[in-house]
Amino acid sequence: MRKKEWRYPASNGEGNIFARAWLPPLEAPPQAIVQIAHGMSEHSGRYDEFARALCGQGFIVVANDHAGHGLSAQGHLGSFAKTPGGFDCIVKDMHHLFNWSKKAEQLSQLSLPNVLIGQSMGSLAAALYAEQYDNLSALVLSATPSAIKFSRLFELLATVIATTHGQLAHSPLLEKLTGSIKGMSDEEMLEARSWLNRNKDEIRALGNDPLCGFDYSAGGYQALLKAYHHVNAKSWGSRIPNIPILIVAGSDDSSTGFGAGPLKRTKRLAKTGHTQVELRLFKDARHELIKELNKQEVFSFIGTWIRQQVTSST
């Protein structure tokens, strides 16, 4: 396996986006390009083990750090842009990543299938991508948030603060309402983040990562919650093509209503004429499936599903 890193111009016009690629050996023809869209307050480097597993199954795997995250921080961690509309920009950045990947590896002539995997916040971006771009052969939505209490009130509050104090303004009230861990002891942090997964070592690693765990700005929360409401609307499915869609989540993930959200999304997609939707709830697993105690099962299941889709489409 080979790894590459590079930067490309950000859609928000505020600098560059940092990207990673995991590439199979040159003598092994790739089956597809699989892009991973990471979640909130983290970065693409946390997906290295998952990406390596997918790469080992014959896929080129790419991922970027979304604007305002990781090595694409652009001076404002927790904000997608200095101006409104930043979430739309990260969707454009994902589109550019597919194109840059093919250009960098001179793969345009191979017509490789594009597969998109989104985790948590990244699955909201992936859902919007499927709505805006008709170039996906398969879509994987992992742990899509669907059970945020008082989400409309949060969005209204974030909008007021962003409008009056600016997109980059941070609000102690918003941070408290959304579960900030500022000032917590290590044990308190472990308890507060126990909803993420059952692996305490992974939660500690997250806490020790300087590029993770930051709070969003008012503009960041506003953009995120707007996307959340858009993707969780009943009409969302009618706006995306009838492509293979895999919905995965942990049965003990509170952010999805303990599986109720993924089940509802699956049923809604069936009602909008989507005939290639599969739901898999991993028993007892929580939010971060690729960090869970049964992560190898998750890696294998998702990789096998992708291979089945891209093989049947060629």
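The values are calculated or read from the model by the stated rules, or taken from the named source; none is laboratory data. These numbers were taken from a predicted model, which means no experiment stands behind them. Cβ placement follows ideal geometry from the backbone for every residue including glycine, while neighbour counts extend to all protein chains displayed. Side chains are part of the model used for accessible areas, which takes the heavy atoms of the whole protein and leaves out ligands, DNA and RNA. Shrake-Rupley method; radii C 1.70, N 1.55, O 1.52, S 1.80 Å.
Here are some notes:
- Positions within the stretch 118-139 being out of contact with any helix residue (DSSP H, G or I) (no Cβ under 6 Å at 6 or more places or on another chain) and either open to solvent by less than 10 Å² (accessible area, probe 1.4 Å) or within 20 Å of PHE258 (Cβ to Cβ) (or both), in sequence order: GLN119, SER120, MET121, GLY122, SER123, ALA126, ALA130
- When ARG198, ARG193 are checked against the criterion of being open to solvent by less than 90 Å² (accessible area, probe 1.4 Å), more than 21 Å from HIS69 (Cβ to Cβ), under 22 Å from the mean Cα position of the chain (by Cα) and at pLDDT 90 or above, ARG198 stands alone in meeting it.
- Qualifying residue in the stretch 24-39 (condition: in a helix (DSSP H, G or I) and without any contact (Cβ under 8 Å) to a residue 12 or more places away in the chain): no
- Pairs linking a residue in the stretch 279-306 that is within 19 Å of ALA260 (Cβ to Cβ) to a residue that is of a type in the set (A, V, I, L, M) and assigned to a helix (DSSP H, G or I), with Cβ atoms under 7 Å and 6 or more positions apart or on different chains, are LEU279/LEU263; PHE282/LEU289; PHE282/VAL298; LEU289/VAL298.
- Within the stretch 124-139, considering residues that are hydroxyl-bearing (Ser, Thr, Tyr) and in a loop (DSSP other than H, G, I, E, B), the one farthest from ILE290 (Cα to Cα): TYR133
- SER185 meets the stated requirement of being more than 30 Å from ALA32 (Cβ to Cβ) and surrounded by fewer than 17 Cβ atoms within 10 Å (Cβ to Cβ).
- Test result for GLY85, of a type in the set (Gly, Ala, Ser), surrounded by fewer than 24 Cβ atoms within 10 Å (Cβ to Cβ), more than 25 Å from LEU293 (Cα to Cα) and modelled with pLDDT under 95: yes
- Unmet criterion (only one of (1) closer than 24 Å to GLY207 by Cβ; (2) in contact (Cβ under 8 Å) with a residue 60 or more places away in the chain; (3) part of a loop (DSSP other than H, G, I, E, B)) for TYR47: (3)
- Residue in the stretch 282-296 that is farthest from SER142 (Cα to Cα), counting only those that are in contact with a strand residue (DSSP E or B) (Cβ under 7 Å, 6 or more places away or on another chain) and not in a loop (DSSP other than H, G, I, E, B): PHE282
- HIS274 of a type outside the set (S, T, N, Q) and within 17 Å of the chain's Cα centre (by Cα): no
- Any hit, the stretch 59-74, residues being β-branched (Val, Ile, Thr), under 16 Å from the mean Cα position of the chain (by Cα) and under 28 Å from HIS229 (Cβ atoms): no
- Test: residue in the stretch 46-62 that is out of contact with any Asp or Glu (no Cβ under 9 Å at 6 or more places or on another chain), open to solvent by less than 60 Å² (accessible area, probe 1.4 Å) and among the β-branched types (Val, Ile, Thr): yes
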